[in-house]
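Presented below is the structure to which this report refers.
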Amino acid sequence: MPEGEDDDWARRARGETELERLDRNWASLIQELRVVQTGVQFLFGALLVLPFQASFGTLAPGLRALYIATLAAVLGATVFLIAPVSWHRILFRRHRLGNVVWAAHRCAMAGVALLGLALIGAVVLVVDYVTGTAAAIVTGIAAVALFVSTWLVAPWRWRSASEDVRAEPY
């Protein structure tokens with residue numbers, strides 16, 4: 001639904017002003033970010049300690065490259081998922097809530113995408129280390145399919161569903 005249509009819908013269905021809609025959207029975003037921030041920070045911490053383990057030195061060069069890529073993805077996810085706090089603090093009391101919500105939405109989308117990549121990388125890294133390359137490849141493909149189907153395909157199908165879905169209160 002284009003943004004203008006969402007504004008009209010919020011006014012009609014919820015009786016919201018533009019500011020009330022922005023406040024609701026900001027509150028929803030912050031709650032969503034709270035959920036993922038803990039997980040991404042835990043994953044980041046776990047990945048940061050791996051090189052200090054004695055067995056890390058035995059990793060093949062390919063697994064080291066995967067580790068670095070996974071570490072980069074979780075770093076990016078952390079940056080993007082925490083960035084809305086910085087946006088909010090810097091623009092606080094500047095009457096820029098629309099900008100904050102817009103930027104936070106995009107940061108959240110980028111952060112979630114990078115978190116997905118980091119989770120896939122971490123799982124492939126562990127499975128390869130524990131059982132071998134063949135199982136890691138299968139696990140990686142399955143993880144990609146799982147993320148794509150649940151994080152992209154399912155919500156996009158709902159997003160493009162008929163107008164009747166929009167009539168529901170949520």
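The values are calculated or read from the model by the stated rules, or taken from the named source; none is laboratory data. Predicted, not measured: the structure shown is a model, and the values here were computed from it. Reconstructed Cβ throughout: ideal geometry from the backbone, glycine too, with neighbour counts over all protein chains shown. Only protein heavy atoms, including side chains, enter the accessible area calculation; ligands, DNA and RNA are left aside. Shrake-Rupley method; radii C 1.70, N 1.55, O 1.52, S 1.80 Å.
Suppose we filter region 87-138 for residues that are modelled with pLDDT under 80 and over 28 Å from Thr150 (Cβ atoms); how many remain?
The number of residues fulfilling the criteria is 10.
For region 15-31, enumerate the residues that are aliphatic (A, V, I, L, M) and open to solvent by 50 Å² or more (accessible area, probe 1.4 Å). Step through it out loud before you land on a result.
Looking only at region 15-31, we keep the residues that are aliphatic (A, V, I, L, M), and these are 19, 22, 27, 29-30.
The answer is Leu19, Ala27.
Name every residue in region 32-60 that is open to solvent by 60 Å² or more (accessible area, probe 1.4 Å) and either β-branched (Val, Ile, Thr) or in contact with a strand residue (DSSP E or B) (Cβ under 8 Å, 6 or more places away or on another chain) (or both), in order of residue number.
Answer for region 32-60, where residues must be open to solvent by 60 Å² or more (accessible area, probe 1.4 Å) and either β-branched (Val, Ile, Thr) or in contact with a strand residue (DSSP E or B) (Cβ under 8 Å, 6 or more places away or on another chain) (or both): Val35, Thr38, Val49, Thr58.
Can you tell me which condition Leu47 does not meet? The list is (1) in contact (Cβ under 8 Å) with a residue 60 or more places away in the chain; (2) out of contact with any Ser or Thr (no Cβ under 8 Å at 6 or more places or on another chain), and all the others hold.
It is condition (2) that Leu47 fails.
How about region 31-60: which of its residues are touching a helix residue (DSSP H, G or I) at 6+ places or on another chain (Cβ under 7 Å) and closer than 25 Å to His105 by Cα?
Those that are touching a helix residue (DSSP H, G or I) at 6+ places or on another chain (Cβ under 7 Å) and closer than 25 Å to His105 by Cα: Glu32, Leu33, Val36, Gln37, Val40, Gln41, Leu43, Phe44.
Condition check: among the aromatic types (Phe, Trp, Tyr), assigned to a helix (DSSP H, G or I) and under 23 Å from Gly132 (Cβ atoms). Does Phe56 satisfy that? Step through it out loud before you land on a result.
Numbers: among the aromatic types (Phe, Trp, Tyr): yes; assigned to a helix (DSSP H, G or I): yes; under 23 Å from Gly132 (Cβ atoms): yes.
The answer is yes for Phe56.
Take the residues in region 65-80 that are among the β-branched types (Val, Ile, Thr) and within 19 Å of Phe42 (Cβ to Cβ), then tell me which one is most open to solvent (accessible area, probe 1.4 Å). Explain how you work it out, then say what you get.
Residues of region 65-80 that are among the β-branched types (Val, Ile, Thr), as a first pass: 68, 70, 74, 78-79.
Next, only the ones that are within 19 Å of Phe42 (Cβ to Cβ) stay: 70, 74, 78-79.
Working: Thr70: 3, Val74: 0, Thr78: 20, Val79: 85 Å².
Looking at residues that are among the β-branched types (Val, Ile, Thr) and within 19 Å of Phe42 (Cβ to Cβ), I get Val79.
In this structure, is Ala103 more than 17 Å from Arg24 (Cα to Cα) and aliphatic (A, V, I, L, M)?
The answer is no for Ala103.
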